[in-house]
């Protein structure tokens, strides 16, 4: 798990080579920042840190730097970004890499260097020898979306960095209000930590006071009201969003996405898929699937499909200028009684 590797980095327990791969940009950037903070001092960074974009620089050139002895320090730190030769994805880069040179390095890495390859790709090409060698000889850091358990552990860890504790109920409420975007969660945790500096504790009262609902969360609540047949509540939120200058077409789009996901979760659950497999199939965070699964019994599949159809028709009428955008969506909500 990425948190365990972060602990090793903070304890200055380094491996010669790391492969950070996946599409969660926050985890990739956080990992790189931890290396910069703990592998080198500020004075050493000027002399012993290098960064290469492998879409612009051959791997053999980067490895020459890796094998250069550190100057005025104990180790070198080298980041290598975009190793496209690990994937089957097409690239515009015309750089040709001597990949065998990297294979040779993995067999005998420099004892004074830390190499961090960052591959921001959905998948690596497991058929390639270099991918197999890296997975066998490097420390792997998977920068993927965290599951429910990992996400809550990450929130506790992030709060601890700011020297505060966060209650389990506060964690649940934070996720409900702010969503699962790690950058947004970091901002909210840091803000609450400053507020709770004296108490050193974040509870639900602090979360309620300081964390603003995201657009998606407001619409999630709106959809929740629709599922409860509380249309008055849904329209109240809708009008509040209009007062905040949110575009009706954007609101409609997010509502459609929420309803569509409810239908997909309901259907895949009926087919026997686990919540983790549903999250993977829909490419959404497992926590969103967990919340959706708890709400899928209110409407039948045919009702959810009918709502999606009505939303699509409203979207068409608005975009073709056949209907007033704000009024059309309000009338559609009233229809859902």
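Between residue 231 and residue 150, how high is the FRET efficiency from 1/(1 + (r/R0)^6) when r is the Cβ-Cβ distance and R₀ = 30 Å? Nearest 0.05.
E(calc), rounded to 0.05, equals 0.20.
What Kirkwood hydrodynamic radius do you get for the stretch 59-197 when you take the inverse of the mean 1/r over all pairs of distinct Cα atoms, in Å?
18.2 Å
Averaged over every viewing direction, what's the projected area of the C-alpha convex hull for the chain? Give it in nm², one decimal, please.
Value for the chain: 21.3 nm².
Can you list the equivalent-ellipsoid semi-axes of the stretch 256-328, largest first and in whole Å, using the square root of 5 times each Cα gyration tensor eigenvalue?
28, 13, 9
How big is the stretch 184-229 in terms of Cα radius of gyration and Dmax, in angstroms?
13.7, 43
Starting from 0.36 nm per residue, how many nanometres of slack lie between residue 90 and residue 64 once their C-alpha separation is accounted for?
My answer for the length gained is 6.7 nm.
With a point put 7 Å past each Cα toward its Cβ, work out how far residue 142 is from residue 3 in nm, to one decimal.
Roughly 1.6 nm, to one decimal.
Over the Cα atoms of the stretch 80-128, each weighted equally, I'd like the Debye log10 I(q)/I(0) at q = 0.13, 0.15, 0.32, 0.33 Å⁻¹, rounded to two decimals.
Normalising to I(0) and taking log10 leaves -0.36, -0.47, -1.36, -1.37.
Treat each spin label as a single point 7 Å out from the Cα along the C-beta direction, and report the residue 293 to residue 176 distance in nm.
Spacing of the two 7 Å Cα→Cβ label points: 1.9 nm.
Given 0.36 nm per residue, what is the gain on full extension from residue 15 to residue 163 after removing their alpha carbon distance, in nm?
50.5 nm
How would you rank 163, 285, going from fewest to most other Cβ atoms within 10 Å of each one's own Cβ?
By the 10 Å Cβ count, ascending, the order reads 163, 285.
Taking only Cα atoms and a 10 Å spring cutoff, compute GNM fluctuations for the chain and point out the largest among 174, 69, 146.
With Cα springs under 10 Å in the chain, the top fluctuation among 174, 69, 146 is at 69.
Compute the angle between helix 182-195 and the longest alpha-carbon principal axis of the chain, please, reported from 0 to 90 degrees and rounded to the nearest 10.
90 degrees
Which one of 89, 176, 24 has the biggest mean-square fluctuation once the chain is modelled by GNM with Cα springs under 10 Å?
Among 89, 176, 24, the largest mean-square fluctuation in the Gaussian network model of the chain belongs to 89.
Enter the Cα centre distance for the pair the stretch 233-251 and the stretch 66-89, rounded to the nearest angstrom.
After rounding, the separation between the Cα centres reads 49 Å.
For the residues 316, 112, 225, 21, what sequence is obtained by ranking on other C-beta atoms within 10 Å, fewest first?
Fewest-to-most Cβ neighbours within 10 Å comes out as 316, 112, 225, 21.
Quick check: Cα centre of the stretch 302-324 to Cα centre of the stretch 200-224, how many Å?
With the stretch 302-324 and the stretch 200-224 each reduced to a Cα centre, they are spaced 29 Å.
Based on alpha-carbon positions alone, could you give the equivalent ellipsoid semi-axes of the stretch 2-142 from the gyration tensor, as √(5λ), descending, whole Å?
23, 18, 14
Taking one equal scatterer on every alpha-carbon of the stretch 165-293, how large is log10 of I(q)/I(0) by Debye at q = 0.19, 0.23 1/Å?
Values returned for q = 0.19, 0.23 Å⁻¹ are -1.13, -1.30.
Sort 253, 107 by Cβ crowding within 10 Å, fewest neighbours at the top.
Ordered from fewest to most neighbouring Cβ atoms within 10 Å, 253, 107 come out as 107, 253.
Roughly what would the spin-label model give for residue 46 and residue 209, points 7 Å off Cα along C-beta, in nm?
4.5 nm
Diagonalise the Cα gyration tensor of the stretch 148-210 and give the resulting equivalent ellipsoid semi-axes, square root of 5 times each eigenvalue, largest first, whole Å.
Semi-axes, largest first: 16, 12, 11 Å.
Using a Gaussian network model of the chain whose springs link C-alpha atoms within less than 10 Å, name the residue from 179, 257, 22 with the highest mean-square fluctuation.
Taking springs between Cα atoms under 10 Å, the residue moving most is 257.
Where a number appears in this text, it was derived from the coordinates with a stated rule and is not lab data. As the structure is a prediction and not an experimental result, all values here were calculated from the model. Quick reminder, even Gly has a Cβ in these numbers, built from the backbone with ideal geometry, and neighbours come from all protein chains shown.
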